[in-house]
1. What trypsin sites (Lys or Arg not before Pro) does the stretch 73-141 have in DSSP loop regions with at most 15 other beta carbons within 10 Å?
2. Taking every alpha carbon pair in the chain, what does the distance histogram look like in 10 angstrom bins from 0, in percent?
3. In percent, what relative contact order does the chain have, based on Cα pairs under 8 Å that are 6 or more apart in sequence?
4. Show that you can apply the helix-only estimate: for the chain, add -39,500 (n - 2.57) for every DSSP H stretch of four or more residues, divide by all residues, and state [θ] at 222 nm to the nearest 500.
5. Using the count of nearby Cβ atoms within 10 Å as a rough guide to exposure, how do 46, 21 rank from fewest to most?
6. With a cap of 15 neighbouring Cβ atoms within 10 Å, and only residues DSSP puts in a loop, list the GluC sites (Glu not before Pro) found in the stretch 11-68.
7. Arrange 135, 108 by Cβ neighbour counts within 10 Å, fewest through most, would you?
8. Within the set 59/153; 122/170; 114/174, which residue pairs have Cα atoms separated by over 28 Å?
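Values quoted throughout were computed directly from the atomic coordinates according to the rules given, and no laboratory measurement underlies them. These figures come from a predicted structure and were not determined experimentally. Cβ atoms come from the backbone with ideal geometry, glycine included; neighbour counts cover every protein chain shown.
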Amino acid sequence: MEAMNKEQAAPFIFRKAEVADADAIWEILQQAIERRRLDGSRQWQDGYPNPDTVKEDIKNGWGFVLANETGVIAYSALILNDEPAYNDINGAWLTHGDFLVVHRVAVSDKVAGKGIATRLLKEIEQYAITQQIPSIKVDTNFDNPAMLRILEKLGYIYCGEVILWGAPRKAFEKVLMT
C-alpha cells in the first residue's frame, strides 16, 4: 500500500473566517496577487483585493478559510445571490434561482500547486449543498489558466462573459441540485 504524504493525510477544516484570521488571509491574498503578476496576468493588479476587502468579507460573514494543522492555507469569499455584474451576462446562466457566488479564491504559497484550490472548491460545493443552495456561480480572468483548469476539472460550465472591475471575465456555473 502506498504511503500518503503529509498534505494528503492532514485533516482540513473549512470554516467561516474570523477576525483573528485577517492577517493570515491578507498574507495569502498578497501571495496570490504576486503569483498572478509573475504569470503576466492583469487580475488583482489594481489594488483589489486589499486589507479592507478582507475586513469587509469577515464583517459580512462572506469570508471562508481552509485550514490544516499549520493554520489557514486558503481563502475565498462566498456571497449568496449577490453579484450585480452577474445580472448582465453576455451568454446565459444555467439557472435563475438561488446561487452562491465564489470570489477571491487564494491559496498560500506553502501549498500552491498541491491541489488545495481544488479541495477548497469541493468544500465550497459541500457547504452550498448543506445550505440548500442549488448552484455556484464564479468568474475568473481570461488569463488565469490554473483557475480555468480547476473549473473545467470540477464540471463548471462556461456560461459567457461578465464585466467586473471594468474588464471582461469568463463566467461559470455548476448546478449542485435541482
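1. Here the sparse-neighbourhood loop sites are 110, 114.
2. 9, 38, 39, 12, 1, 0
3. That works out to 21 percent.
4. Calculated from helices alone, the mean residue ellipticity at 222 nm is -9500 deg cm²/dmol.
5. If I rank by nearby Cβ atoms, fewest first, I get 46, 21.
6. Passing both the DSSP loop test and the Cβ count: 18.
7. Lowest count first: 135, 108.
8. 59/153
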